[in-house]
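Some notes on the structure that comes next.
The values are calculated or read from the model by the stated rules, or taken from the named source; none is laboratory data. All figures in this text were calculated on a predicted structure; none of them were measured in a lab. Glycine gets a Cβ as well: all are built from the backbone with ideal geometry, and neighbour counts include every protein chain shown. With ligands, DNA and RNA removed, areas are computed over all heavy atoms of the protein, side chains included. Shrake-Rupley method; radii C 1.70, N 1.55, O 1.52, S 1.80 Å.
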Amino acid sequence: MTYGDDDVIRDKLREIDRYMLREWIVRWIIFIVVIAIPLAIRLRMNEITGSVIMFYGGFFNQVDMFHKFKSELLHMAGIIAFLIMIFNYKRFRRLEISYVAKFIFIFMFFIIASTIASEYLDVAVFGTVERYEGAFSYLSYMMLFFFAFFLVDKEQHDWIYAFIFFSALLMAIVGLSQYLGHDIFETSWFQYLITTSEFKSISGQMSINVSSNTVYGTLYNPNYMGSYYALVIPMLVSGILYFKNHLAKIVFTSLTLVSLGLLLASHSSAGIVGILGAIGVFLLIMMSKLNKKIIIGILGFVLIFSVITWGEIERFTNDIIRSFITRGNIEVESFEIIDNELFVEMNELGKDFSVKYDNEDNKVNLYDADHRLMQLDRVENTGEYYPMDEEYQFITINSNVVGMTLNFYHLIEVENDDGIKEMQIRDIVKIRPIDKEVVGGNEVLVHLGNVKLAKTNRKVISIKSDGNLTMYTFGEIFNESLVPADSMFFEGYEHAGSGRGYIWSRSLPLIEDYLVIGAGPDVYAYIFPQEDLIGKINYMSNAYGLVDKPHNTYLQMAINTGFASLIAFLSAIGVFLFKGLKYAKNRDDVLLSGVFYCVVAYMLTSFFNDSVVSIAPMFWLMLGIGANQLINDR
C-alpha cells in the first residue's frame, strides 16, 4: 500500500465521519421540531418592554408557560439548521430545479422587507406577548424548510416516522389525562417539574382555564390541537403503509384511532374540518381505484368510529350549523359623550338610552330615549338593578358599582428615578359604587342582555370622582362619537366561528394598505382597529378584549408580511400539491403521499387557525421534506 492509498483512506474516513455527524445533527433537528417544540412547556416570568407595553400597560412582567420556551427552541433549531446548510452549501444547486423552494425564497424576501419597514420594529423582530412569531421565528421556519429540502434524505425516513409516532404518543398521554378529568397539569409534581425557581413555592396551586374534559395537550389552546393533528394524523396513516412489520402496523393504527378521538375531544372544529377535507381529497383522488371491499371497509370504520364518538360529532355539527344562522341580537350602534353624559344608540331591537353620574347623590342616573329619568328596581338575590320599564330591561346595573365603562388602560409618559422616560399606567379614575361600599378593583359593570361590559385596569369610558366622563382609546382622549370600524363581508354572520366572522370582517379592509409590504411579522394586534368598541361589544361580548390574531393564517400573512407574500406562499403550496398529486394517486412514495395529505389538512385548518410557534415549525419541516422528495422521485 502506498502513501497515496493512505491519504485516500484517510479522506474517505473523514468523509464518513462528516456524513455521520451531519446525519446525527439532522436527526436532532427533526427531534426538536417534531417532539420537543410541540411538547415543551416551562412556566416562568417574562419582562414586557417596548411597543408591547401598548397593550399590556401596567403589567411589565408576564407569566408564560406555553409560548416563549417553544419559540426559543425554534430559534435554536433554526440557527443549527442554518449552520449545517452553510457547511453543505454544495447542495444549494437543488434550488434551481424546485419552484416550491423558489417561491418560499420569495416569501422569505417579503418577510425581511416587512420587518425592516415595520412601524413596530421590536415586535416585528421578536414577536408579541403569548405569540413570539416575529421575524426570528419566521426566518427559523424558512431555515427548517430549506434544511429539510437540502439535507433530509431517505436514510432519515424511518426516524421521521419514529419521531412523529412518539410525539403523538406523548401528546396522547397528556390528552387522555385531560379528557378523563385527571389533567396532568393540575398535579403538584408536574407543576413543580415545569416551573422555574420563582414559582416552585406555588406548585400544586395553579390551574389552567380550560373547560373540564377538553383536550388541549401541551398547546394551551384546544384549537391548536386541530392544527397539530392535521399534520400528525395523515403521517400516522402513511406510517401504517410505510412499515411492513405487522406489529408496527398495529401500533400505528391504534395511535391513529386514539389521535382521532382526541381531536374530537379537543372540540377543534378547524382540525376536524382539516382531517375531513383530507379524507375527501383522498376519496376523490382514489375513486377510480377503490373496489367494493375497500369502500365497505371505509364505511364500516366510519360507522363504528361515529358511534363511539357520537357525542363529540354532534357537538361539532351543532357548532357548524350555529355559525350559519344570523342572529337577531340587541346591538349597540354608537356611543357619544355630550356634556358629561354618555348617549348610547341601540339597533332596532333595543332602545336608545343615556347615562349620567350624579355627583351630589353619588349615583348613576339612566335616561330613556326621551331623556326621562328611569326608575330602577333592585333584585335582592342578585344585587342588580333593572329599569322598571320593560323596554329597557336589556340593561342591568350591578348594585356594587356605578356607571358604564368599556375599560382600557390609560398610558402616560413619566420619568423614572434615573431620568429615563417610560410609559406607565395611571389610575386616573376613581369609581364610587351606588351603595357607597368600596368594592375590590373598583370594577364597573353594566349589562346589555347577556353582554357584560367591564374590566379593571383598561379604561375607555370612565366616570371620574368629579362626575366628568372621559373616553380613552389606547392612551388618547377620544370624546367624540364612536361608530363601528370599516368592515367587509360577513354582515349578519359576525358571530360565525366563535366570533371569527367579526374579526375577519374587520381585518379584510386592512389588506389594501399592505398589498406589497406588510405591517411586520406578529404586528397584527397593532394594526387591527382595537378602538372598534361597538363591534367588540356586539360580537365579542367584550369591549376591552384585545384582538391579537385573525384566526386565519392567510389573513395573518396578508396583513403581517403583505399580500404579495401570501401569493408567494400559496404559489409554493399550489406547485407542491400539483406535483405531489401524481404520487398521492399512485402511492409510489408513501412518505410523500403522507406529506401531501398533511399539507392539505393543515391548509384547510389554516382557514380557521393562526400560524403559531408550537405547530408551524412541523409544517415547514414537512413541506421541505415533501419538496425534497419531489426532486428525488423525478
Solvent-accessible area per residue for region 531-634 (1.4 angstrom probe, square angstrom):
26 Å²
Once label points are set 7 Å from the Cα along Cα→Cβ at both residue 546 and residue 304, what is their separation, rounded to one decimal in nm?
4.9 nm
Set the Förster radius R0 to 30 Å, insert the Cβ-Cβ distance between residue 28 and residue 241 as r into 1/(1 + (r/R0)^6), and round the FRET efficiency to 0.05.
0.65
Just report the Cα centroid separation between region 117-136 and region 556-578, whole Å.
20 Å
So, counting K/R as plus one and D/E as minus one, what does the shell of residues with Cβ under 11 Å around residue 26 add up to?
-1
How charged is the neighbourhood of residue 160? Take every other residue with its Cβ under 14 Å from the Cβ of residue 160, and add Lys/Arg as +1 and Asp/Glu as -1.
-3
Within-15-Å neighbourhood charge of residue 514 [Cβ basis; K, R +1; D, E -1]
-4
Percent carbon-and-sulfur accessible area, region 483-601, ignoring ligands, DNA and RNA, probe 1.4 Å:
57 percent
Mean accessible area per residue over region 97-195 (1.4 angstrom probe, all protein chains present, square angstrom) is 40 Å²
Set 102/154; 68/536; 351/536; 244/579; 249/549 screened for pairs whose C-alpha atoms are more than 31 Å apart:
249/549
